[in-house]
Amino acid sequence: MTTFPLTPLSFSVFLQGLLLGFGLIVAIGAQNAFVLRQGLRREHVGSVVLFFALADAVLIGAGVLGMGQALGQSPLLARTLALAGALFLGLYGWRALQRAGQSNRLEAAGGSVRLGRGAVLAQAAAFTLLNPHVYLDTVLLVGSIGAQQPPTLRAWFVLGASSASVAWFSLLGFGSRRLAPLFARPLAWQVLDGLVGLTMFALSAMLVRHALFGF
């Protein structure tokens, strides 16, 4: 039976996936506003959180698996994608730091008409599957970075990145009553964006090191 023992190295890979997942998901956007709105309305919150978390986990797993097979056949492609990912994360971090200097807030306003579970999940599916940035982030970017890990540690990376989605969407959905006033304050997002920017720079540096020196 295949096991996944927790070691310092596997924990490090899990942490990389967790930080990357948080860095990409913590931003003012349609998904977060939708989850926060459903939480404030107390309408099918568990179903929405579960859908978004499972969708992210499936896309991340598919990305890591597919990229792992492709990169295993071409070391040059693996190094190229690692450097491209590092550049993307660096730019993403820079944009996050720029946002930290601006006043933004998360709006969670919605209509008063209550919707059935099917209609709510249809909206959640549209926010996820019809958003090209979702595929860019989860399948291409996270997949290519996760595929840089040794095959025996990729499951830990997927678990870390997926855990970020579970934690963040659960926090937004089930903690919406307390979090809505906080996330309506620009300062909260400025602090978050500052942390995201620094995290992305750190992950970018790790990718460059891996691409150039192999560790």
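The values are calculated or read from the model by the stated rules, or taken from the named source; none is laboratory data. What you see is a predicted model; the values in this text were computed from it and never measured. Heads up, the Cβs are rebuilt from the backbone with ideal geometry, glycines too, and the neighbour counts pull from every protein chain shown.
Specify which of the listed residues (Arg178, Arg185) is surrounded by fewer than 18 Cβ atoms within 10 Å (Cβ to Cβ), among the charged types (D, E, K, R) and free of Cβ contacts under 8 Å to residues at least 24 places away in the same chain.
Going through Arg178, Arg185 in turn, the sole match is Arg178.
Exactly one residue among Gly23, Gly72, Gly85 is at pLDDT below 85 and either more than 23 Å from Trp156 (Cβ to Cβ) or surrounded by 22 or more Cβ atoms within 10 Å (Cβ to Cβ) (or both), and that residue is Gly85. Taken over the stretch 128-167, residues that are aromatic (Phe, Trp, Tyr) and either within 15 Å of Phe52 (Cα to Cα) or surrounded by fewer than 23 Cβ atoms within 10 Å (Cβ to Cβ) (or both) amount to 1. Screening Ser162 on (1) modelled with pLDDT of 85 or more; (2) within 23 Å of Gly93 (Cβ to Cβ); (3) touching a Ser or Thr at 6+ places or on another chain (Cβ under 8 Å) shows it passes everything except condition (3).
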